[in-house]
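The values are calculated or read from the model by the stated rules, or taken from the named source; none is laboratory data. Because the structure is a prediction, the values reported are computed rather than measured. Here the Cβ positions follow ideal geometry from the backbone for every residue, glycine too, while neighbour counts run over all protein chains shown.
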Amino acid sequence: MKIAGFTIIKNAVINDFPIVEAIKSVLPVVDEMIVLIGDSTDETIALIESIGDPKIKIHHSVWNKSLRKGGAVLADETNKAFQLIDEKYTWAFYIQGDEVVHEKYHPAIRNACENYAFDREVQGLLFKYKHFYGTYDYVGDSRKWYGHEIRIIRNNKSISAYRDAQGFRMGKTKLPVAKVDASIYHYGWVKSPEQMRKKQKQSSVYWHDDAQMQKINASPDYYDFSGFDSLEKFTGTHPHVMLDRIERKNWAVNLDLTQKKFSFKNKCLYYFEKLTGIRPFDFKNYKIIRK
């Protein structure tokens, strides 16, 4: 049983993606790491090369600017990267440029890959998620944030990225998956207010039409983090690979955790989940067959 990692990245320096930390966080689990670098205008190539690990195989791509709706270009690039994985690998571990795996989960991930290696019904492995917001001290705890998603898929080239590459499917069919007792730490919403707005303006071309882009580009040069519906204090530990970044970049953002900005319906669902651990009516981009 062998595992290949894969990821895509473009303009990591300009947009301050924790891509180095993302890659380093999965290297102990994988036997090879495919990194598909888009046509960047910054020092992304040098940044990836600086990691200096022989497991990393760098490839290059040009992003299709005609894929402008809903982040479809991200799925397109993810599929390109997946196709680069050799058939000798059993599993493919996908990590996005703002996602990191805590080292405490490495044994559970390897064990799950071993346990289901020959169970052909299982086409993917499902991870829990922690979505950090504003700073490294807060996580989203509402239904706004997806609680689970597929990050390891069987090396079956009929599987492809779904929509904006949040998850995977086989055509239109949801993948049959097994749960892994591990979480992905998502840091995409942790940037300074200025850097967050800069990133949005940079990436808007792959999400919006010209009219929407004009509105975004005309917006203030800082992001207002007060628009959250519900957050809670993060009391755990961050992955070791993130510690230096956190020490350098954990800016202050004033967030009032007592605020719960819900409709009546979502308020009821929120407190029901808090009491029971069950999230009813939740969208699931997968089919759990092994628990």
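List of remarks:
- Evaluating ARG248 against the criteria (1) within 24 Å of the chain's Cα centre (by Cα); (2) surrounded by 10 or more Cβ atoms within 10 Å (Cβ to Cβ); (3) assigned to a helix (DSSP H, G or I); (4) basic (Lys, Arg) leaves one unmet condition, (2).
- Single residue of LYS191, LYS179, LYS198 found to be at pLDDT 80 or above, within 16 Å of ASN11 (Cα to Cα) and in contact with a helix residue (DSSP H, G or I) (Cβ under 9 Å, 6 or more places away or on another chain): LYS191
- Members of the range 1-41 found to be over 16 Å from ASP98 (Cα atoms), in contact with a helix residue (DSSP H, G or I) (Cβ under 9 Å, 6 or more places away or on another chain), assigned to a loop (DSSP other than H, G, I, E, B) and β-branched (Val, Ile, Thr), listed by number: VAL29
- So ILE184, is it at pLDDT 90 or above and buried (at least 17 other Cβ atoms within 10 Å of the Cβ): yes
- Close pairs (8 angstrom Cβ cut-off, 6 or more residues apart or separate chains): more than 18 Å from ASP137 (Cα to Cα) in the range 218-234, exposed (fewer than 10 other Cβ atoms within 10 Å of the Cβ) anywhere: none
- Scanning the range 160-171 for residues that are buried (at least 21 other Cβ atoms within 10 Å of the Cβ) and aliphatic (A, V, I, L, M), we see that the one that is nearest to ALA72 (Cα to Cα) is ALA165.
- Residues in the range 261-286 that are exposed (fewer than 14 other Cβ atoms within 10 Å of the Cβ) and among the charged types (D, E, K, R): LYS261, LYS265, LYS274, ASP282.
- All positions within the range 251-278 that are within 26 Å of the chain's Cα centre (by Cα) and of a type in the set (S, T, N, Q): ASN254, ASN266
- Among all residues of the range 54-69, there is at least one that is polar (S, T, N, Q) and at pLDDT below 95.
- Considering only residues in the range 131-169 that are at pLDDT 95 or above and aliphatic (A, V, I, L, M), the one that is farthest from ARG245 (Cα to Cα) turns out to be ILE159.
- The conditions of being surrounded by 13 or more Cβ atoms within 10 Å (Cβ to Cβ) and within 22 Å of SER203 (Cβ to Cβ) are not met by GLU32.
- Restricting the range 64-100 to residues that are among the hydrophobic types (A, V, I, L, M, F, W, C) and closer than 13 Å to VAL205 by Cβ leaves a set whose member that is surrounded by the most Cβ atoms within 10 Å (Cβ to Cβ) is VAL73.
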